[in-house]
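Here is the structure we will look at, set down as structure tokens.
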Amino acid sequence: MFTDMRNGTAGDWAHIAAEHGRHQKSAAARQIMDSLARLKEIEVGFAADQLTHSLMAGTLARRAGASDEEVVAALCHDLGKLFSIPNHGAIAAEMLKPYVREDLYHAIYWHQEFQGRYYFEHLGKDPEGRERFRDEPWYAFAEKLVDEWDAPAFDPSFDVDPLESFEPEVTRVFSNPRAMV
Ligand SMILES: [Fe+2]
């Protein structure tokens, strides 16, 4: 195995690719579950902490008959808040990008702009900023994600499904990247 990438052989890279694939299958879902659990620590002024909010969004998606990818999108749409509030949508979208349909990626990326309908007027921003995306093929899913699963999900007394119950969906989605790079 090379100690300087400039000297890598085909054999080195076959081994590295196999090891990356093995790691991806075993570790990614676990990292996502652990990250979701840490959302419990984020209380940013809402009635519900960010884990409760995420579980409620995921539960609403699940009870609406959403697919695995859609449930995971609802569950993980705010994961980026672990790292940065201002661009949390973009961070979460990029984390999910290799595993989900393209419309889900865009919906997560722009979910805050869609959510603005419910609060941007209080911040001096355009509440209907979502309208500039009206003709995009992902607009319909973004509306569903935000209006049906995200915006209603701030009720700390809602009977959410527990985090562990989402492990099967998270594992199925995060074990099967559509591309490794
Ligand atoms: Fe959210």
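Summary of computed values
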| quantity | calculated |
| --- | --- |
| Some residue of region 142-165 being surrounded by fewer than 13 Cβ atoms within 10 Å (Cβ to Cβ), more than 17 Å from residue 71 (Cα to Cα) and at pLDDT 95 or above | yes |
| Residues that are over 17 Å from residue 152 (Cα atoms) and within 14 Å of the ligand (Cβ to nearest atom), drawn from region 97-123 | 109, 110 |
| Test: residue in region 78-92 that is surrounded by fewer than 19 Cβ atoms within 10 Å (Cβ to Cβ), within 18 Å of residue 159 (Cα to Cα) and either over 13 Å from the mean Cα position of the chain (by Cα) or within 12 Å of the ligand (Cβ to nearest atom) (or both) | no |
| Test: residue in region 136-155 that is away from the ligand (no atom under 16 Å from the Cβ), under 20 Å from residue 50 (Cβ atoms) and of a type outside the set (Ser, Thr, Tyr) | no |
| Unique match (being at pLDDT 95 or above and crowded, with 20+ Cβ neighbours inside 10 Å) among 54, 67 | 54 |
| Qualifying residue in region 62-73 (condition: in contact with a helix residue (DSSP H, G or I) (Cβ under 7 Å, 6 or more places away or on another chain), closer than 17 Å to residue 161 by Cβ, in contact (Cβ under 8 Å) with a residue 60 or more places away in the chain and within 12 Å of the ligand (Cβ to nearest atom)) | yes |
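The values are calculated or read from the model by the stated rules, or taken from the named source; none is laboratory data. Please read these numbers as outputs of a predicted model, since none were measured by experiment. We place every Cβ from the backbone using ideal geometry, glycine too, and count neighbours over all the protein chains shown.
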